[in-house]
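Bear in mind these aren't lab numbers, they're just calculated from the coordinates by the rules spelled out. This structure is a prediction, so every number in the text was calculated from the model and none was measured. Cβ sites come from the backbone with ideal geometry, for glycine too, and all protein chains shown count toward neighbours.
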Protein chains: 2
Amino acid sequence: MQLNQWGEESFIRYLSEQFAVSKPYVGIGDDAAVIPGEYGESLLVTTDALVEGVHFLKDHISPRDLGYKVVAVSVSDIAAMGGTPKQAFLTVALPKSIESKWLCEVSEGIKEAALQWQLLLLGGDTVGSKRDIFLNFTLLGTAKTEHVKYRKQAKPGDVIFVTGYLGDSSAGLKALQQKLSKTAEINHLILAHVRPQPHPEQGVWLGAHAQVHAMMDISDGLDCDLKRILRASQLGAVIETTQIPLSATLKDVSNINQWDPLEYAITGGEDYCLLLTVARDGYKDLQEAFQNTFGQPLFDIGYISSQTEHLLYLKDGLPIEMNYKHFDHFQ
Amino acid sequence: MQLNQWGEESFIRYLSEQFAVSKPYVGIGDDAAVIPGEYGESLLVTTDALVEGVHFLKDHISPRDLGYKVVAVSVSDIAAMGGTPKQAFLTVALPKSIESKWLCEVSEGIKEAALQWQLLLLGGDTVGSKRDIFLNFTLLGTAKTEHVKYRKQAKPGDVIFVTGYLGDSSAGLKALQQKLSKTAEINHLILAHVRPQPHPEQGVWLGAHAQVHAMMDISDGLDCDLKRILRASQLGAVIETTQIPLSATLKDVSNINQWDPLEYAITGGEDYCLLLTVARDGYKDLQEAFQNTFGQPLFDIGYISSQTEHLLYLKDGLPIEMNYKHFDHFQ
């Protein structure tokens, strides 16, 4: 059987079983691994790969943006656990024909992101590659052990939130692929794709609130990622699609290009905002405190149900079919 | 300028300057990064990549050996700093046509190595790749902060040691490339190549000895790696080539095939034993204690001189030219 028949989820499940670990470690399956230390502090570790031809095309993203992005997506993983990102390690596998100028610009982008999030790049590996470019970024972070959030902690009745607009990034990718002319609006979407802005401060803040139960970041799309929380928590969810936050830009551009903005928001991915579930009791106070702290809303989009792994989409309260196909790296 | 003109060392130097960090961190340039903790213990982090067509060929190494090897080389990096390896993270980038059986066997090899060195695999990333397979292994370890060894700590007059025979691994690779018939001796060399045995216990033991100054592992060959110690320490070295430990197998096979075993030992690489420099005072006691503890010799092969970056090879006390070419990933 080939990998495209087996599927990414099956392969990860296989690895999880092969390398099952006992408490207090939390292994494969969350956005970062958790290594509890002795003094109430946990070490968080995440690793993310970007592969040429799969995650990026050299003519769709500048080397500087690529460097920036490989850092940003890892920062998002640490944020998703409620942690603060700290030390970083970069592996690059490079064909020998690559231009040193291109490499230096990737490095500049990494440096810019490292400064923005106050990371130290402490090492890595530089190796050859026959054809394609591979980047792998490993990021360590820390969190108070009791503040770490997992996917499996959702509770029935929890309100589901996201910390930002969904769909801009994947619409930006579409604009790049279709070579749409670069109006200000299109550039805004492309920027969301090539320079994602993760939410590490929000992650730490939410981590410190006990009424926040499950948390992760949206990297593969709301539908795909919410299902991961549901699988981990053995629960279901109801999403009111009219509540899903769409940027004015995405709505405008979708209107002009006859796109369905919800498709981008639900299946697009690479939004790198946070997806979380919160105890119903006092959730409005949390929402208000979040707005006061960050000057941005915490968007409630639905709730957790007790129907195991059942994800129901509503439109104005009525069930709708959701036939969008989501992305599998190996398909 | 293309990367093959620029060279791997130049690129790494560029990155080191871009991402220079201040004490107490030690960044790019040693076998692992060192993150000092508050309680006299340091966290060590190393990351190693294996790329299809560069580091391995699918028809030269079994998937099980490949999985084993990606772990072993990382264990060697932690050993080189005087640390104990602990938690691991695996990134795999895979073309969709890959057989799930092959993957499961890679995973079995990783598991076998993880058991051997008591590691926990806690996470990673599984992504697609257009063509080649890419594995990246990140390994965390710990060491007492005062026991951590660096490349820059060699002192003039230090005796230079290695902890094992050199050249078997690269001769094994040669045997694979030349499709030599698999006698017991050839199999021994191939095993050294596909199942390297790093020296983590020796690393911790040597780390605990203050008379051990500089240390690293031999991954790119004695010549290349010793030069790294010399560059970091701003010193030179004199190596007595007749003292370089060669296995009886390598000598026999070289004899039969008219190979020069010293070429493998000096430039071959992937030996994954330790290379260290030791204060001259009492070095014989250390050698004896090492032999008593591990039942294997600590081989002295030369000494550190004060001639900056000057590496002199002797044969029976007389200088010889060394014209072997060593491996650069990007050439």
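Compared with the direct C-alpha span, the chain from B:Q307 to B:A279 gains 8.3 nm at full extension, assuming 0.36 nm per residue.
Largest mean-square fluctuation among B:D132, B:D217, B:D225, in a Gaussian network model of chain B whose springs join Cα atoms under 10 Å apart, belongs to B:D132.
First obtain the Kirkwood hydrodynamic radius of the range A:31-147 from its Cα pairs, then insert it into the Stokes-Einstein equation at 4 °C and 1.567 mPa s, and state the resulting D in µm² per second as a whole number.
D, rounded to a whole number, is 89 µm²/s.
With an a/c value of 1.5 or above and a/b not larger than b/c for the gyration tensor axes a ≥ b ≥ c computed over the alpha-carbon atoms, the range B:120-197 is described as oblate. Could you work out the relative contact order of the range B:151-320, using alpha carbon pairs under 8 angstrom and six or more residues apart, expressed as a whole percent? Rounded, it is 43 percent for the range B:151-320. The smallest convex shape that holds all Cα atoms of chain B, its convex hull, gives 153 Å³ per residue. With its label point defined 7 Å out from Cα along the Cα-to-Cβ axis, B:L191 lies at 6.1 nm from the matching points of the other copies, in increasing order.
With charges set only on the Cβ (+1 for Lys and Arg, -1 for Asp and Glu), what does the dipole of the protein assembly as shown come to about its Cα centre, in debye to the nearest 20?
Working: 56 positive and 82 negative charges, 67 e Å.
Dipole magnitude for the protein assembly as shown comes out near 320 debye.
For the range A:177-188, backbone phi angles converted through the Karplus equation (6.51, -1.76, 1.60; θ = phi - 60°) give residue-by-residue couplings of 5, 8, 6, 5, 5, 7, 6, 4, 5, 4, 4, 4 Hz, Gly and Pro being listed as x.
Using Cα-Cα distances under 8 Å and only pairs 6 or more residues apart, what relative contact order does chain A have, in percent? That works out to 22 percent. Counting only DSSP H runs of at least 4 residues, each contributing -39500 (n - 2.57), and dividing by the residue count of chain B, the helix-based mean residue ellipticity at 222 nm comes to -10500 deg cm²/dmol.
Within the protein assembly as shown, what percent of beta bridges assigned by DSSP are antiparallel, to the nearest 5?
Details: 90 of 120 bridges.
About 75 percent, rounded to the nearest 5.
In this rough spin-label picture, where each label sits 7 Å from Cα along the Cβ direction, the A:T293-A:Q116 distance is 2.1 nm. Segment B:E9..B:L318, full-extension length gain: 108.2 nm, with 0.36 nm per residue of separation and the alpha-carbon distance subtracted. Distances, shortest first, from the label point of A:S16 to those at the same position in the other copies read 4.2 nm; the point lies 7 Å along Cα to C-beta.
Out of the DSSP beta bridges found with both residues in the range A:31-147, what percent are antiparallel (nearest 5)? Walk me through the numbers before you get to the answer.
On the way: 24 of 33 bridges.
Of all bridge pairs located within the range A:31-147, approximately 75 percent are antiparallel.
Each residue of the range A:316-321 was assigned a 3J(HN,Hα) from its phi angle through the Karplus expression (A = 6.51, B = -1.76, C = 1.60, θ = phi - 60°), giving 6, x, 10, x, 10, 7 Hz with x at Gly and Pro. Rounded to the nearest 20 debye, the dipole magnitude of chain A is 440 debye, with +1 charges on Lys and Arg beta carbons, -1 on Asp and Glu beta carbons, and the Cα centre as origin. Just tell me the longest site-free run in chain A, where the sites are GluC sites (Glu not before Pro) in a DSSP loop having at most 14 other beta-carbon atoms within 10 Å. That would be A:39-308. Phi angles of the range B:95-102 translate, via the Karplus equation with coefficients 6.51, -1.76, 1.60 and θ = phi - 60°, into HN-Hα couplings of x, 5, 7, 5, 7, 5, 4, 4 Hz per residue; Gly and Pro are given as x.
Residue by residue along A:299-311, Cβ atoms of other protein chains within 10 Å of the local Cβ number 0 on average.
Rounded to the nearest 20 debye, what is the charge dipole size of the range B:151-320 about its Cα centre when +1 sits on each Lys and Arg Cβ and -1 on each Asp and Glu Cβ? Don't skip to the end; give the middle numbers.
Details: 14 positive and 20 negative charges, 61 e Å.
In debye, rounded to 20, the range B:151-320 gives about 300.
Near the amide H of A:S305, within less than 5 Å, lie the amide hydrogens of A:G157, A:G236, A:A237, A:V238, all on another chain or at least 5 residues away, with H placed in the peptide plane.
Exposed loop sites here are trypsin sites (Lys or Arg not before Pro) in DSSP loop states with at most 10 other C-beta atoms within 10 Å. What is the longest stretch of chain A lacking them?
Result for the longest clean stretch: A:1-178.
Specify whether the C-alpha gyration tensor of the range A:43-89 places it in the rounded, prolate or oblate class, a ≥ b ≥ c being the square roots of the eigenvalues: rounded for a/c under 1.5, otherwise prolate if a/b is larger than b/c and oblate if not. Here the range A:43-89 falls in the prolate category. Across peptide A:94-107, the mean count of Cβ atoms from other chains lying within 10 Å of each residue's own Cβ comes to 5.
Counted by neighbouring Cβ atoms within 10 Å, the residues A:I78, B:I256, A:I98 run from fewest to most as B:I256, A:I98, A:I78. Farthest towards the positive end of the charge dipole of the protein assembly as shown, among the residues B:V212, A:F134, B:A175, is the Cα of B:A175, using unit charges on the Cβ of Lys, Arg, Asp and Glu.
Only one residue of B:T293, B:L191, B:G109 has its Cα farthest out toward the positive end of the dipole of chain B, where Lys and Arg carry +1 and Asp and Glu -1 on Cβ, and that residue is B:G109. Between the range A:273-323 and the range B:254-317, how many Å separate their Cα centres? After rounding, the separation between the Cα centres reads 64 Å. Starting from the label point of B:T308 at 7 Å along Cα→Cβ, the same points in the other copies fall at 7.0 nm, in ascending order.
Its alpha carbons give the protein assembly as shown an Rg and a Dmax of 26.3, 90 Å.
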